[in-house]
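Peer 1: Shown below is the structure under consideration.
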Amino acid sequence: MANTSSPAEPTVDVVVVGAGFAGLYALYRLRAQGLSVRVYEAGSDVGGTWYWNRYPGARCDVESVDYSYSFSDELQQEWDWTEKYASQPEILRYVRHVADRFDLRRDICFDTRVRAAHLDEDAMQWTVQSDRETVTARYCVFATGALSTAMTPDIPGLEEFAGETHHTGHWPHDGVDFAGKRVGVIGTGSSGIQSIPIIAASADQVFVFQRSANYSVPAGNTAIDARTRARVKANYAERRRLSRESGGGSPYDAYPKKTLEADPAERRAAFEARWQLGGVLFGKTFPDQTTDPAANDEAKAFVEAKIREIVADTAVAELLTPKDHPIGTKRICTDTDYYRTFNRDNVTLVDLRSAPIVAIDAHGVVTTARRYDLDVLIFATGFDAMTGSLDRIDIRGRAATTLRDAWKDGPRTYLGLGVDGFPNMFVVTGPGSPSVLANMVLGAEQHVDWIADCLAYVDEHGCTAIEATPEAVDDWVAECNERAAATLFPVANSWYLGANIPGKPRVFMPFIGGFGAYGNICAEVAAAGYKGFSVMAGDPR
Ligand code: FAD
Ligand code: NAP
């Protein structure tokens, strides 16, 4: 790789890849620490997920007041969220506001994809190659996102389709006009379930191609009134404290009993109250819902009865009922009128289990049963989650070992933050951290704070490098696996396990022990002088 600057003089202290919530906070925090930082972002603006996912109905499923930065109380006080679950445009406006308010843009290279990052072991520097330039840095921070590499299935004939195709994760900036069109949507995960009701309201016809049904609960979105807003702002510090101690990174009161300790009427009332309130926390109505199969069956039965109650056609209701995963073990979806949408005359549920897609041709989608003529085809088919964006960068650590090779049997990290053989390299909300199982904005803040403190420690001790030890990585991987095995999560063919990507190793990727517990472990590791990391003294230059 061509190097445009002397290895003895790194171009910057830190290269950060990605300008979503995580990369922006990394820039803010590391710059405040006196480090020089350069951020590379493939998109044309900040926002990450909220820059790319502009499909109709895209909104967060963690409450907006929690799904936002906590690092600046001034920011918390001055920003007014308008809805309980903010829409994509509002979240993007917020992220842009943060970038401007804290003068972050001047250190971000937009429209620039990082292609490679190679360690120079002698100089203990990273050489980072992007579309724009090659720079050197003491540290590399990958804030590349856990759900940032869209996955379009390899269906024969896709390129022949004469109509428009779009992926929810790469939505055109000027929107898509569905009026009078025949629209096919492949995929019924969170993105499909959020967008289908809105597409159906304007399209002529919608064909929903479903391979696996998912559990969805009402989002329960509402406008935030002035009183609620004032109450949240007056108690923000306490709210954030509760979030940091919680299992999922937002305030939450578990029902004080296990599922089967409640009698049937009490149980139903508890589920009904959560259903009426709306939101993903339905999946945690009782504390044992994703660990005890009998408890899970109760939650499933409740939601399945709701599906039958809402969907008029019993055969369609049956198809919309998930067949093979415990509720909550695939990300529970939240919706506004998803099930009701199947009562519309212009919406058809296509069951791909009984008649799989065999091809796409110029006119539309061909299943083993028939052809569906379409004007627009939407892929709501998800992402190469957690490792996809890292995997697409040629990352080479000690002895030129590639990260791809080091992770060929599944990702291996210590705390999700460090990898043995890759000194001075950090991953934000990567595999081995709570990441996608928790509020990811607070997760990114917690990671970035930990990384920033770690770099300060290295400098204060006159050291040059920090690297996870192989033993610490082995132990952490074992701990993550053990914790996952004690739950029902590994039963589901989910993207948490890489099951949506052909050939991807089946490893449960996130740390499932809870956001608060994880934060405590990270804090203990730091307090013990970065236990499990080797901190290398001396100046290699
Ligand atoms: P991202 O926002 O994904 O940003 C990563 C950035 O890195 C991207 O902009 C990408 O272009 C860039 N990048 C990647 N590779 C390269 C490269 N090689 N070179 C240059 N740039 C690169 N989480 C929640 O906690 N609550 C929610 O309600 C929620 N809702 C979601 C809704 C949708 C539709 C999706 C897809 C995800 C949602 N998530 C949610 C997860 C969401 O991804 C995170 O909450 C959060 O936005 C991630 O921020 P990030 O900065 O870590 O990553
Ligand atoms: P997803 O959950 O992975 O769903 C993808 C869907 O596409 C699944 O129904 C899948 O079916 C289907 N699919 C994939 N390949 C297919 C193929 N070859 N043929 C037919 N169907 C196929 O993706 P997503 O909906 O984009 O959501 C990903 C994650 O992003 C979520 O779990 C969540 O964490 C986050 N998200 C959150 C929100 C929110 O509400 N805030 C919204 C969107 C996304 P199978 O199940 O059979 O594989």
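Rule-based calculations on the coordinates, nothing more; no lab input. Computed from a predicted model, the values in this text were never measured in an experiment. Note that each Cβ is placed from the backbone with ideal geometry, even for glycine, and that neighbours are counted across all protein chains shown.
Peer 1: With +1 on each Lys and Arg Cβ and -1 on each Asp and Glu Cβ, and nothing else charged, work out how big the dipole of the range 62-135 is about its Cα centre, in Debye to the nearest 20.
Peer 2: Numbers: 9 positive and 17 negative charges, 67 e Å.
It comes to approximately 320 debye.
Peer 1: On to the next question. How big is the range 222-289 by Rg and Dmax over its Cα atoms, in Å?
Peer 2: In Å, with Rg to one decimal and Dmax whole: 14.2, 40.
Peer 1: Counting only helical runs of four or more DSSP H residues, what would the 222 nm mean residue ellipticity of the chain come to if each run contributes -39,500 (n - 2.57) and the total is spread over all its residues?
Peer 2: Working: 16 runs with 168 residues, N = 541.
Helix-only estimate at 222 nm: -9500 deg cm²/dmol.
Peer 1: Starting from the Cα gyration tensor of the range 121-265, take the square roots of the eigenvalues, sort them a ≥ b ≥ c, and report rounded, prolate or oblate (rounded when a/c is under 1.5, otherwise prolate if a/b is larger than b/c, else oblate). Intermediate results must be reported in sequence, preceding the final value.
Peer 2: Values: a/c = 1.87, a/b = 1.05, b/c = 1.78.
Note, shape of the range 121-265 comes out oblate.
Peer 1: Moving on. Specify the inter-centroid distance of the range 38-55 and the range 430-462, based on alpha-carbon positions, in whole Å.
Peer 2: The distance from the Cα centre of the range 38-55 to that of the range 430-462 comes to 21 Å.
Peer 1: If the only charges are +1 at each Lys and Arg Cβ and -1 at each Asp and Glu Cβ, what is the size of the charge dipole of the range 113-236 around the Cα centre, to the nearest 20 debye?
Peer 2: Values: 11 positive and 13 negative charges, 175 e Å.
Its charge dipole is roughly 840 debye.
Peer 1: Using the Karplus curve 6.51 cos²θ - 1.76 cosθ + 1.60 with θ = phi - 60°, what ³J(HN,Hα) values do you get for each residue of the range 131-137, in whole Hz, with x for Gly and Pro?
Peer 2: With coefficients 6.51, -1.76 and 1.60, one gets 4, 8, 6, 10, 10, 10, 8 Hz.
Peer 1: Calculate the length of the line joining the C-alpha centroid of the range 358-390 to that of the range 275-336, in whole Å.
Peer 2: 26 Å
Peer 1: Would you mind putting 226-238, 277-289 in packing order, based on average other-beta-carbon counts within 10 Å, highest first? Display every interim value, and only then the final one.
Peer 2: Details: 226-238: 12.2, 277-289: 21.1.
Packing proxy ranking, top to bottom: 277-289, 226-238.
Peer 1: Also, I was wondering about something else. How would you rank 354-363, 338-347, highest first, on the average number of other Cβ atoms within 10 Å across their residues? Let's see the in-between values first.
Peer 2: Numbers: 354-363: 14.9, 338-347: 18.0.
Listed from highest to lowest mean packing, they are 338-347, 354-363.
Peer 1: Taking only the alpha-carbon positions of the range 1-142 and ignoring solvent, what does the Debye formula give for the base-10 log of I(q)/I(0) at q = 0.13 Å⁻¹?
Peer 2: Debye curve over Cα of the range 1-142, log10 I(q)/I(0) at q = 0.13 Å⁻¹: -0.61.
Peer 1: Something else about it: Which residue, chosen from 428, 489, 325, occupies the Cα position most advanced towards the positive end of the dipole of the chain, where the dipole is computed from +1 (Lys, Arg) and -1 (Asp, Glu) charges on Cβ about the Cα centre?
Peer 2: So the residue we want is 325.
Peer 1: Cα atoms only: what Rg and Dmax, in Å, come out for the chain?
Peer 2: 23.5, 72
Peer 1: Bin all alpha-carbon pair distances of the range 266-369 at 10 Å intervals from 0 and give each bin's fraction as a whole percent.
Peer 2: Here the calculated profile for the range 266-369 is 13, 38, 32, 13, 4, 0.
Peer 1: Further question on the same structure: Which is farthest toward the positive dipole end of the range 245-344 among 251, 314, 277, measuring Cα position about the Cα centre, with Cβ charges +1 (Lys, Arg) and -1 (Asp, Glu)?
Peer 2: Farthest towards the positive end: 314.
Peer 1: If you don't mind, there's one more thing I want to ask. What does the highest-first list of 65-71, 205-211 look like by mean Cβ count within 10 Å? Each step should come with its number before you reach the end.
Peer 2: On the way: 65-71: 20.7, 205-211: 22.3.
By packing density, highest mean first, the sequence is 205-211, 65-71.
Peer 1: OK, next. Using unit Cβ charges (K, R positive; D, E negative) and no other charged atoms, how large, in debye to the nearest 20, is the dipole of the chain about its Cα centre? All intermediate terms of the calculation are to be shown ahead of the outcome.
Peer 2: On the way: 54 positive and 72 negative charges, 138 e Å.
Computed about the Cα centre, the dipole is about 660 debye.
Peer 1: Which entries in the list 323/408; 257/306; 181/330; 257/300 go over 20 Å, if you measure between the two C-alpha atoms of each? If you can, show how the numbers build up before the last one.
Peer 2: Values: 323/408 31 Å; 257/306 23 Å; 181/330 32 Å; 257/300 18 Å.
Beyond 20 Å between Cα atoms: 323/408; 257/306; 181/330.
Peer 1: Hey, if you put +1 on the Cβ of every Lys and Arg and -1 on every Asp and Glu Cβ in the range 100-173, which of 165, 116, 155 ends up farthest toward the positive end of that dipole?
Peer 2: Of the options given, the answer is 116.
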